[in-house]
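Every number here is computed from the coordinates shown, using simple stated rules; none is lab data. This is a predicted model, so every value here is computed, not measured. Cβ placement follows ideal geometry from the backbone for every residue including glycine, while neighbour counts extend to all protein chains displayed.
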Amino acid sequence: MPVTVLFAAKSERWEEYEAPLRTALAEKGVTADLVTEAAPETVDYIVYAPNSGLDDFRPYTRLKAVLNLWAGVEDVVGNPTLRVPLARMVDDEGLTQGMVEWVTGHVLRHHLGMDRHILGQDGLWRTGAPPLAFDRRVTILGLGALGAACGQALARLGFPVTGWSRSPKQVEGIDCLAGPEGLDAALARADILVLLLPLTPETDTLMDAARLAQLPRGAVLINPGRGALIEDEALIAALDADHLAHATLDVFREEPLPPEHPFWPHPKITVTPHIASETRAPSAARVIAENIRRAEAGAPMLHLVDREKGY
Ligand code: NDP
């Protein structure tokens, strides 16, 4: 008997995902009716994006699991009508690879001072080689699928990398700190700070004025995590006071970032439009299909969200 898999995301996503999902389900040996509409009581799995319009799971009485298309789950994890397992997207081939490239690129931009030469084509012969990676300390807040991979890539380039997580960790090449007691030291050694934390009640506005003040003078902040990790006004104040040298921001409290937002014209802020890393349909489809296969076989599902922790 086929399982019914409801694809609940915007229609342009269906165009992107339909063929890869059909292929991946077939490759995993899952016989499925993959649909964009179905009577709720017939649905076994929902492939889900929070902006799909579906926010009441109660009519889905046969539902076995919800498979989030994205890595972040802050828009669905607290939904009281969701009573089945929730899996999030972890996709080494697509999402993680993309984030490693984006973070490495932006760290290198600031480390090498590339703007001086890319923007300074004005006839002045600016001498002085940049420091080596060994002399630039990078701290990554969040040592999960993305933070650990980015940290390891930077460590391979020679940067001394410190990572910070909730629970103690050992990640090769990274000096790992954990818990509230590890945060002060992690911030104090961040010449470049990268935020790869999920948004939860505990991480909301983590980088407020006091924590920004703990960064070394001249530090650079790079945020591909979530906009609400940072207090916007405090960030602007820290940049204006020359305490921070630059902020590269990919995520914002409101997206799209409104045209009148002061981040846009700020000379020390680079805005990128939530493009640090996208879920890539072919590899993400394989992750989703594998999870449905596992659930059907009674095997543990991958990348399950801890509803208590919120990620
Ligand atoms: P994971 O869940 O794998 O990792 C989260 C990490 O954050 C873990 O190391 C976790 O600690 C740590 N953490 C969570 N809460 C706390 C806390 N209170 N104190 C200290 N550490 C904490 O997530 P991913 O690496 O897959 O993704 C991270 C985030 O990146 C996503 O939630 C999403 O917001 C963002 N993202 C952004 C994208 C973009 O394009 N801009 C694309 C994809 C994701 P522990 O290991 O102990 O649990």
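Once the Cα atoms are used to define both axes, helix 11-27 deviates from the longest principal axis of the chain by about 70 degrees. Sorted into 10 angstrom bins from 0, the C-alpha pair distances of region 1-160 split as 9, 28, 23, 17, 13, 7, 2, 0 percent.
The distance linking region 92-154 with region 233-306 is 17 Å (Cα centroid to Cα centroid, whole angstrom).
Equivalent-ellipsoid semi-axes for the chain (Cα gyration tensor, √(5λ), whole Å, largest first): 39, 20, 19.
For the chain, the longest principal axis of the alpha carbon atoms and the long axis of helix 97-112 meet at an angle near 10°. Per the Debye formula on identical point scatterers at the alpha carbon atoms of region 94-271, with no solvent, log10 I(q)/I(0) at q = 0.16, 0.18 Å⁻¹ is -0.96, -1.22. With only the Cα atoms considered, region 262-311 has a convex hull volume of 121 Å³ per residue. Phi-derived couplings, Karplus 6.51 cos²θ - 1.76 cosθ + 1.60 at θ = phi - 60°, listed residue by residue for region 50-60: x, 8, 7, x, 8, 9, 10, 8, 4, x, 8 Hz, with x used for Gly and Pro.
Tell me the volume per residue, in Å³, of the convex hull enclosing the alpha carbons of region 81-196.
150
So what's the angle, to the nearest 10 degrees on a 0 to 90 scale, between helix 281-297 and the longest Cα principal axis of the chain? Helix 281-297 sits roughly 50 degrees off the main axis of the chain. Remark: relative contact order (the chain) = 19 percent; criterion is Cα-Cα distance under 8 angstrom and separation of 6 or more residues. Packing-based ranking of 218-228, 159-169 yields 218-228, 159-169, ordered from highest to lowest mean Cβ neighbour count within 10 Å. Among the lysines, which have Cα under 30 Å from the Cα of Lys309 when same-chain residues fewer than 8 positions away are ignored? Straight-line reach from Lys309, under 30 Å: Lys10, Lys64, Lys169.
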